[in-house]
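K.L.:
One structure, as structure tokens, below. Some questions next.
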Amino acid sequence: MARLNGFTKQQLLDVYRIMYSARALDNKILIMLKQNKGFFHMGCSGHEAAQVAAGLTINEGRDWSYPYYRDGAYTLALGMTARDHFLAFLGRAADPNSGGRQMPMHYSNRSLRIVSQSSATGTQYLQSVGCAMTRKLEKNKEVVYVSSGEGTTSQGDFHEALNLACIEKAPVVFHIQDNEYAISTHKSEQTAGSVYSLTSGYENLSRYEVDGTDFFETSLAFKQAVERARRGKGPSIIISNVVRLLPHSSSDDQRKYRTPEDLENDLLRDPIILFKNNCVNEKIFTEKDIVKIENQVNKQINEDAIWAEDQDHPDVNTALNYVYSKENTGTETKLVNKSENVVMVDAINHALHEEMANNEKMVIYGEDIADPKGGVFTATKGLSTAFGKERVFNSPLAESSIVGTAVGMAVAGYKPVIEIQFADYIWTAMMQIRNEVSVMRYRSNNDWVCPLIIRVPVGGYIHGALCHSQSIDGYFMHMPGIYIAYPSNAKDAKGLLKMACRMNDPVIFMEHKGLYRQPYAATEEPNEDYLLPFGKANYVAKGEDLTIICWGAMVQKSIEAIQKLELGENSVEIIDLRTLNPIDYETIEYSLSKTGKVLVVYEDNLTNGPGSEICSVITDKYFDLLDGPVRRIASKDSPIPYNWFLEEKVLIQVEDIARAINDLLEY
Ligand SMILES: Cc1ncc(C[n+]2csc(CCOP(=O)(O)OP(=O)(O)O)c2C)c(N)n1
Ligand SMILES: [Mg+2]
């Protein structure tokens, strides 16, 4: 039987059918756009050969895919249908990518193991590496595909991902589809040299640069790269040079920044025409075969479009579904203490020990967390010795790498409990937290979940200056989709952390550095069965004249303020919130119904800080209970200086709280 480069006639007809379907889909959707049936499209025209070569090499449903928005033909090769594409374009309820939650071309399909993608270019790389790291832990031969355009390789995450993939010899195939443009920016303005040359220094990386308009050449590269990954030899990068035959998106007009000659030259490299001519010239199939396929595809696509338009929009009452899991945030178990005083950092360490023993899918990593150091605060001491360096390991010094890989691990069914060494350095991971961690469940319509835990030492009073003192609670309370714990003592820290380890949602777990070894934050240690639910505040003191709402290091400061004022028993009620998402407004309401006055005390700086929101909710909802103004007191709107007299001036002090209490009591 006739073969071309090892492919049978039937295989080549299938390749043509998929490539042509992708092109026909682009064209049909652009027509529907003009008819105002949808709002946005990003075509794959010109990229089809490279994408189909990749898609046919990846084993659908077994391997994992992190495609990007231009990977339409890739998804068809993997098994997505034209109907799936139309449903996404039309934002319908049955859209398998996101149920109409994301813009079109944000691919996701659980049964094909296409992991949900966001719009942020480049976040997919580290996630694919994290996913691949779990494949290594499983000791299976699954491979992870990740792709992007050439412009996106300017993102730091690209290099972080290559670095880590190479250190880990992770089974990842990076596919960079180089169409020379990132929207309007030519690669000469984008890349110092070529992506191929830029990536030359990574040990264990196999590199290919291919003509991505040539199906056969690209296919060969993918076969080799996938085979290499399956054999555990490490990652590969394939840069396929392609043409972008359409503008960047339906909102773009490339005639504004490309010359007519440039555009005409691209047409000469149309991969579908090249493939067809090649097969016809080699007498594999005839023009007649081609016409037959094209007619079939066109008919099917028109029918599918009509079918999709007939499908329902999502029920508007589902708009808030899946911000969190349906499971609640836990119920408290009976407190049985197992030992005498434990300091907070040791309670955290013991919680991690117990949960690692409890869940073999749990992994712990971060900067310097492995033995012999066991973390800069020793929170993870002994864990790598007890559970092995496969499950407890040091990460590179790169926060986006830590969070990005954890997203990949979590979607693959693992429970990453990661450490960011200091809150002040969480910002380089913010893209992953904001656009990936907190929205994975929502954007995939509950198909993919990301229940990781980010442990992060926060707060000041340790002479740590601007970059070892920051409070970050205000930033994260603003973010739907991620729970926040912020314990003030050892018992709560242990109960909340163990609870977080068993929850099915992402958690940011804030640990105040100043409390780690404080005798006043030490408690008797609860036994291994103790779990503390999220959203349940604690009465630290009972009273009838005024309610103080606080958490973290402000709990002790509030206690000291009352002592300083010598107010005696039953005057000021102190509520320790323990978690900032959810917030226990029930307890707040009950307390206000007794006291009628409230002071919110927070360590973060005043403006738009976490207490601003709490005050606002109180004013809104419990105004009728109030007998005085809603007050808040916080640190100054300033960076935190090193000199301890200056530091004292900026951070909120016991005297400030005492003064505010007095004012309110006298009101
Ligand atoms: C982090 C981020 N910055 C900017 C954008 C806007 N944006 C979307 S696609 C794109 C160009 C990407 O070009 P390239 O990586 O070459 O892929 P191509 O579209 O050419 O296939 C830009 C700037 C974005 N989505 N995310
Ligand atoms: Mg590009």
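Values in this text are rule-based calculations from the coordinates and carry no lab data. The structure displayed is predicted, hence computed values, not measured ones. Cβ atoms come from the backbone with ideal geometry, glycine included; neighbour counts cover every protein chain shown.
K.L.:
Which whole-number percentage describes the relative contact order of segment 337-526, with Cα contacts under 8 Å and a sequence gap of 6 or more?
P.N.:
Numbers: 392 pairs, mean separation 53.0, N = 190.
The normalised contact order for segment 337-526 reaches 28 percent.
K.L.:
OK, next. Packing-wise, with mean Cβ within 10 Å as the measure, how do 542-555, 87-100 rank, highest first? Could the numbers behind the result be given before it?
P.N.:
Values: 542-555: 24.3, 87-100: 22.0.
Packing proxy ranking, top to bottom: 542-555, 87-100.
K.L.:
Set the Förster distance to 56 Å, then compute FRET efficiency between Asp368 and Glu544 from the Cβ-Cβ distance, nearest 0.05. Provide the component values of the computation, followed by the final result.
P.N.:
Values: r = 48 Å, r/R0 = 0.86.
Here the calculated transfer efficiency is 0.70.
K.L.:
Rank by packing, highest mean first: peptides 262-274, 165-177, 446-458, with packing defined as the count of other Cβ atoms within 10 Å averaged across residues.
P.N.:
Working: 262-274: 15.7, 165-177: 25.4, 446-458: 23.5.
Per-residue Cβ counts within 10 Å, averaged per peptide and sorted highest first, yield 165-177, 446-458, 262-274.
K.L.:
Using the Kirkwood formula over every pair of different C-alpha atoms, what hydrodynamic radius in Å results for segment 159-316? Walk me through the intermediate numbers first.
P.N.:
Details: mean 1/r = 0.0527 Å⁻¹.
Answer for segment 159-316: a Kirkwood hydrodynamic radius of 19.0 Å.
K.L.:
What is the sum of charges, Lys and Arg at +1 and Asp and Glu at -1, for the other residues whose Cβ falls under 10 Å from the Cβ of Gly611?
P.N.:
Every neighbour counted, the sum reads -2.
K.L.:
While we're looking at this one, here's another question. By its C-alpha gyration tensor, with a ≥ b ≥ c as the square roots of the eigenvalues, how is segment 3-310 shaped: rounded for a/c under 1.5, else prolate for a/b larger than b/c, else oblate? Walk me through the numbers before you get to the answer.
P.N.:
On the way: a/c = 1.33, a/b = 1.28, b/c = 1.04.
Rounded.
K.L.:
Could you check how many percent of all C-alpha pairs in segment 117-229 are farther apart than 17 Å? Could the numbers behind the result be given before it?
P.N.:
On the way: 3531 of 6328 pairs.
Within segment 117-229, distances greater than 17 Å cover 56 percent of Cα pairs.
K.L.:
How many nm is it between the label spots at Asn302 and Ala93, if each spot is 7 Å from the Cα in line with the beta carbon?
P.N.:
3.0
K.L.:
Where a ≥ b ≥ c are the square roots of the eigenvalues of the C-alpha gyration tensor, would you call segment 228-286 rounded, which needs a/c under 1.5, or, failing that, prolate if a/b is larger than b/c, or oblate? Mind dumping the intermediate values first?
P.N.:
Values: a/c = 3.10, a/b = 1.25, b/c = 2.48.
Since a/c reaches 1.5 but b/c is at least a/b, the shape of segment 228-286 is classed as oblate.
K.L.:
Greater than 20 Å separation of Cα atoms is the criterion. Which listed pairs, Lys139/Lys169; Lys34/Lys276; Lys491/Lys649, meet it? Kindly include the intermediate steps, with their values, before the conclusion.
P.N.:
Numbers: Lys139/Lys169 13 Å; Lys34/Lys276 30 Å; Lys491/Lys649 31 Å.
Beyond 20 Å between Cα atoms: Lys34/Lys276; Lys491/Lys649.
K.L.:
Okay, moving on. Skipping prolines and chain starts, which residues have an amide H placed within reach, meaning under 5 Å, of the one on Ala541, given they are 5 or more residues away or on another chain?
P.N.:
Ile574
K.L.:
Using 1/(1 + (r/R0)^6) with R0 = 22 angstrom and r between the beta carbons of Asn570 and Glu666, what's the FRET efficiency to the nearest 0.05? Don't skip to the end; give the middle numbers.
P.N.:
On the way: r = 18 Å, r/R0 = 0.82.
The calculated FRET efficiency here is 0.75.
K.L.:
Here's another thing I want to ask about it. Normalised by the residues of the chain, what does the relative contact order come to in percent, with Cα pairs under 8 Å and at least six apart? Present the calculation step by step, with values, prior to reporting the outcome.
P.N.:
Working: 1460 pairs, mean separation 77.3, N = 667.
Reported relative contact order: 12 percent.
K.L.:
Then there's this: For segment 545-667, calculate the relative contact order in percent as a whole number, restricting contacts to Cα pairs under 8 Å that are 6 or more residues apart. Write down the numbers at each step before the final one.
P.N.:
Values: 189 pairs, mean separation 37.0, N = 123.
Relative contact order for segment 545-667 comes out at 30 percent.
K.L.:
Can you compute the charge dipole magnitude of segment 494-628 about its Cα centre, using +1 on each Lys and Arg Cβ and -1 on each Asp and Glu Cβ, nothing else charged? Give it in debye, rounded to the nearest 20. It would help to have the intermediate numbers written out before the result.
P.N.:
Working: 13 positive and 22 negative charges, 69 e Å.
Value, rounded to 20: 340 debye.
K.L.:
List every residue whose amide H lies under 5 Å from the amide H of Glu524, counting only residues 5 or more places away in sequence or on a different chain, with H placed 1.01 Å from N in the peptide plane.
P.N.:
Distant-sequence amide H within range of Glu524: Val342.
K.L.:
Using the scaling law 2.2 N^0.38 Å as the reference, what is the normalised Cα Rg of the chain? Walk me through the numbers on the way to the answer.
P.N.:
Working: Rg = 28.5 Å, N = 667, 2.2 N^0.38 = 26.0 Å.
Here the answer is 1.09, to two decimals.
K.L.:
Related question: Spelling out what I want: for every residue of segment 104-111, take phi, set θ = phi - 60°, compute 6.51 cos²θ - 1.76 cosθ + 1.60 (Karplus), and round to whole Hz; glycine and proline get x.
P.N.:
Those phi angles translate into x, 6, 9, 6, 6, 7, 5, 5 Hz.
K.L.:
Under the 0.36 nm per residue contour assumption, what length would be gained going from the current alpha-carbon distance of Ser339 and Phe39 to full extension?
P.N.:
Details: separation 300, 0.36 × 300 = 108.00 nm, distance 6.19 nm.
Extra length available between Ser339 and Phe39 comes to 101.8 nm.
K.L.:
According to a simple spin-label model (label point 7 Å from Cα along Cα-to-Cβ), what is the distance in nm between Lys361 and Asp620?
P.N.:
Distance between label points: 3.5 nm.
K.L.:
Any idea what the alpha-carbon Rg over 2.2 N^0.38 Å comes to for segment 337-526? The partial results should precede the final answer.
P.N.:
Values: Rg = 15.5 Å, N = 190, 2.2 N^0.38 = 16.2 Å.
Compactness ratio reported: 0.96.
K.L.:
Continuing with this model, one more query. Thr607 versus Arg231, label points 7 Å from Cα toward the beta carbon: distance in nm?
P.N.:
It is 6.1 nm.
K.L.:
Further question: How big is the charge dipole of the chain about its Cα centre, in debye rounded to the nearest 20, if each Lys and Arg gets +1 on its Cβ and each Asp and Glu gets -1 on its Cβ? Please report the intermediate quantities before stating the final value.
P.N.:
Details: 68 positive and 87 negative charges, 424 e Å.
In debye, rounded to 20, the chain gives about 2040.
K.L.:
Counting other beta carbons within 10 Å of each Cβ, put Cys279, Cys615 in order, fewest first.
P.N.:
Numbers: Cys279 23, Cys615 18.
Sorted ascending by nearby Cβ count, the order is Cys615, Cys279.
K.L.:
OK, next. Mind listing the phi-derived Karplus ³J(HN,Hα) values for segment 259-265, rounded to whole Hz, using 6.51, -1.76 and 1.60 with θ = phi - 60°, and x for any glycine or proline?
P.N.:
Rounded to whole hertz, the list is 7, x, 5, 4, 5, 5, 4.
K.L.:
Please list, in order, the residues from segment 242-259 whose amide nitrogen is less than 14 Å from a point placed 7 Å along the Cα→Cβ vector of Ser188.
P.N.:
Output list for this probe position: 258-259.
K.L.:
Shape call for segment 122-168 from the C-alpha gyration tensor, a ≥ b ≥ c root eigenvalues: rounded (a/c under 1.5), prolate (a/b greater than b/c) or oblate? Show your work: numbers first, answer last.
P.N.:
Values: a/c = 3.00, a/b = 1.97, b/c = 1.52.
Prolate shape, in that a/c is at least 1.5 and a/b is the bigger ratio.
K.L.:
Still on this structure: Using modelled backbone amide H atoms (1.01 Å from N, in-plane), which distant-in-sequence or interchain residues come within less than 5 Å of Asn581's amide H?
P.N.:
HN-HN under 5 Å from Asn581: Ile484.
K.L.:
A further question follows. Once you have the Cα-Cα distance between Ser111 and Thr286, take 0.36 nm times their residue separation minus that, and quote the gain in nm to one decimal. Please report the intermediate quantities before stating the final value.
P.N.:
Working: separation 175, 0.36 × 175 = 63.00 nm, distance 3.57 nm.
Extra length from Ser111 to Thr286 when fully extended: 59.4 nm.
K.L.:
Output the Cα-based Rg and Dmax of segment 538-666 in Å, rounding Rg to one decimal and Dmax to a whole number.
P.N.:
14.0, 45
K.L.:
Helix 287-309 against the longest principal axis of the chain: what's the angle in degrees, Cα atoms only, rounded to the nearest 10?
P.N.:
The answer is roughly 30 degrees.
K.L.:
Per residue of the chain, what 222 nm ellipticity follows from adding -39500 (n - 2.57) for every DSSP H run with n ≥ 4, rounded to the nearest 500? Numbers along the way, then the final one.
P.N.:
Numbers: 23 runs with 259 residues, N = 667.
Using -39500 (n - 2.57) per qualifying helix, the result is -12000 deg cm²/dmol.
K.L.:
Tally Lys/Arg at +1 and Asp/Glu at -1 over every other residue whose Cβ is under 13 Å from the Cβ of Val458; what's the total?
P.N.:
Numbers: positive: Arg455, Lys513; negative: Glu419, Asp424, Asp473, Glu511, Glu603, Asp604.
Neighbour charge sum, excluding Val458 itself: -4.
K.L.:
Further, regarding this structure: Compute the label zone of Lys594 within segment 561-578: residues whose backbone N is under 12 Å from the point 7 Å along Cα-to-Cβ.
P.N.:
The answer is 570-575, whose backbone nitrogens lie closer than 12 Å to the label point.
K.L.:
Same structure, new question: Take the Cβ-Cβ distance between Asn27 and Ala2 as r, set R0 to 30 Å, and report the resulting FRET efficiency rounded to the nearest 0.05.
P.N.:
With a Förster radius of 30 Å, E is 0.50.
K.L.:
Right, another one. Within 14 Å, Cβ to Cβ, of Asn435, how many net charges do the neighbouring residues add up to if Lys/Arg are +1 and Asp/Glu are -1? Intermediate values should be presented prior to the final figure.
P.N.:
On the way: positive: Arg101, Arg434, Arg441, Arg443; negative: Asp157, Glu436.
Cβ neighbours under 14 Å give a net charge of +2.
K.L.:
Whole-Hz ³J(HN,Hα) for each residue in segment 215-232, computed from phi via Karplus 6.51 cos²θ - 1.76 cosθ + 1.60 with θ = phi - 60°, x for glycine and proline: what do you get?
P.N.:
4, 5, 5, 5, 4, 4, 4, 5, 4, 5, 5, 5, 4, 4, 5, 4, 7, x
K.L.:
Give me the number: length gained by fully extending Thr385 to Trp427, i.e. 0.36 nm times residue separation minus the C-alpha to C-alpha distance, one decimal in nm. The partial results should precede the final answer.
P.N.:
Details: separation 42, 0.36 × 42 = 15.12 nm, distance 3.03 nm.
Contour length minus the Cα-Cα distance gives 12.1 nm.
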